[in-house]
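Engineer: Mind having a look at this structure? Questions to follow.
Every read-out reported here was derived from the displayed coordinates using simple, explicitly stated rules and does not represent laboratory data. Note that the structure is a prediction, hence the values are computed from the model and not measured. Using ideal geometry, Cβ is built from the backbone for each residue, glycine included, and neighbour counts are taken over all protein chains shown.
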Amino acid sequence: MGERGRVSLGVGWITLFLIGIDLFVVSPLLPFISDAYQVSSAMTGWMVTVFAITYAIFAPFFGWLSDKNGRRSYITFGLVLFVISNILTAFAPSFFWLIISRILVGLSVAAIAPLLYAIIGDIAPPNRTGTWLSILASGHLTALWAGAPFGTLLEHFLGWRSVFVALAIMGLILAVVNFITWRNEPKSNSTRNLLGGNLLRIFGSVSVTASWAIAMYALYVYLGAALYSEIRFSSSEIATAIIFYGIGAVIGSLTGGQLTDRFGEKKISKVTLIFLTLVLVCLGIFFTSGIWIYFLLFLWALVGYAGFTSYTARLVVEYPNDRGSAMAWNMTALYIGITLGSMLGGFVISKWGYTFLPYVCSIAAILSFFLSTQKVKETKMESAV
């Protein structure tokens with residue numbers, strides 16, 4: 001990897017880490033925000049909900065625009081909006097404006113995250129696409145377990161508003177850095193109207209990601225409650241379990257990229273989905289086995305995120321001219337899967353309890369595998385174009 005490659009990946013990694021921190025830092029701050037605005041915890045939870053909805057709606061729009069007009073300007077726009085919206089979050093005069101600020105954050109991240117995946121896919125060497133994307137993805141996954149401690153520590157010394165001020169300052173620096181870094185971005189060869197045909201093919205492809213997200217998050221959302229209810233884990237033991245999961249996710253992402261470059265995107269994405277199904281079944285069988293749960297959570301995340309990285313690389317290869325749109329719809333499918341997974345998990349818990357969740361997730365994983373074996377053909381309209 002040359003110096004330019006290291007710089008590009010470093011900038012992308014730090015940027016995804018920053019917006020990941022913004023997403024994962026909100027949860028531990030909700031009690032303090034509730035007190036500040038005198039609203040219930042359920043109401044403050046809308047800060048996360050409106051972010052996810054806005055992101056899912058607008059990411060495909062920015063992906064389509066970036067395929068036609070280039071990615072640099074939209075990434076820079078997203079980071080500038082990220083700065084403004086986090087300042088508004090820090091100093092919102094009312095809870096209404098706080099919600100508005102999180103909508104704007106969702107809009108800003110929609111213009112950043114999928115386009116970074118697309119631009120790294122643009123510049124990565126053909127035989128190193130998986131590795132480059134896995135390094136990029138590890139920035140977001142690192143924020144998964146580092147975001148909460150960062151926010152809690154800063155809140156303890158300076159108050160919860162300081163967290164968003166810090167995010168705004170870092171975002172401003174990265175807006176300048178990204179604008180400089182991507183000044184020589186490759187030009188897109190996309191000349192077709194995406195709505196004319198390729199969109200259906202993309203929908204078929206990203207349905208794999210939606211099913212994968214259900215397999216990963218229907219249980220993860222309720223993991224702390226499940227560990228407490230079924231094994232009587234203490235808060236420190238639950239935190240340790242989450243750390244094992246987070247480390248497995250980072251290692252899995254990096255390992256998945258290297259395996260993808262060596263054996264191919266299709267092969268690794270399918271193999272990991274099979275192993276994910278088996279690991280989830282084992283997790284269901286041995287969920288109450290005590291200390292073994294740490295290893296199983298590590299293995300679950302390791303296999304799961306190796307598969308996500310390899311499938312992302314597969315989309316990058318399969319959609320060379322619509323890469324921004326494919327990455328954006330893939331992220332939208334991810335959020336849809338997370339939402340459906342959390343809803344499904346709640347239903348399963350109310351009917352059969354926590355220990356049944358891993359088996360339901362395994363069904364979603366095997367569905368994802370079968371979807372990944374299907375090939376959605378291009379429509380006649382696209383072929384004509």
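Engineer: Among H140, H156, rank each residue by its count of other Cβ atoms within 10 Å, from fewest to most, as a rough exposure measure.
Structural biologist: H156, H140
Engineer: By its C-alpha gyration tensor, with a ≥ b ≥ c as the square roots of the eigenvalues, how is region 230-326 shaped: rounded for a/c under 1.5, else prolate for a/b larger than b/c, else oblate?
Structural biologist: Prolate, since a/c reaches 1.5 and a/b exceeds b/c.
Engineer: Something else: Once you mark the trypsin sites (Lys or Arg not before Pro) that are in a DSSP loop and have at most 10 other Cβ atoms within 10 Å, what is the longest gap between them in the chain?
Structural biologist: Answer from the scan: 1-182.
Engineer: Output the Kirkwood hydrodynamic radius of the chain, Cα pairs only, in Å rounded to one decimal.
Structural biologist: This gives a value of 21.2 Å.
Engineer: Same structure, new question: How large is the translational diffusion coefficient of region 204-373 in µm² per second when you combine the Kirkwood radius over alpha carbon pairs with Stokes-Einstein at 37 °C and 0.692 mPa s?
Structural biologist: After rounding, the answer is 206 µm²/s.
Engineer: Taking just the C-alpha trace of region 8-86, give me its Rg and Dmax in Å.
Structural biologist: 15.2, 46
Engineer: Where does the Debye-calculated log10 I(q)/I(0) of region 333-376 sit at q = 0.14, 0.19, 0.29, 0.30 Å⁻¹, using only Cα point scatterers of equal weight, no solvent?
Structural biologist: The Cα Debye sum returns log10 ratios of -0.38, -0.64, -1.04, -1.06.
Engineer: I would also like to ask the following. Of S236, S269, I202, which is farthest towards the positive pole of region 168-296's charge dipole, taken about the Cα centre with +1 and -1 on the beta-carbons of Lys, Arg and Asp, Glu respectively?
Structural biologist: I202
Engineer: Right, here's the next one. Report, please, the projected area of region 3-181 averaged over directions, based on the convex hull of its C-alpha atoms, in nm².
Structural biologist: 10.0 nm²
Engineer: Another one. Taking only the alpha-carbon atoms of region 97-142, what semi-axes of the equivalent ellipsoid follow from 5 times the gyration tensor eigenvalues under a square root, in whole Å, largest first?
Structural biologist: With the √(5λ) rule applied to region 97-142, the semi-axes are 29, 11, 4 Å.
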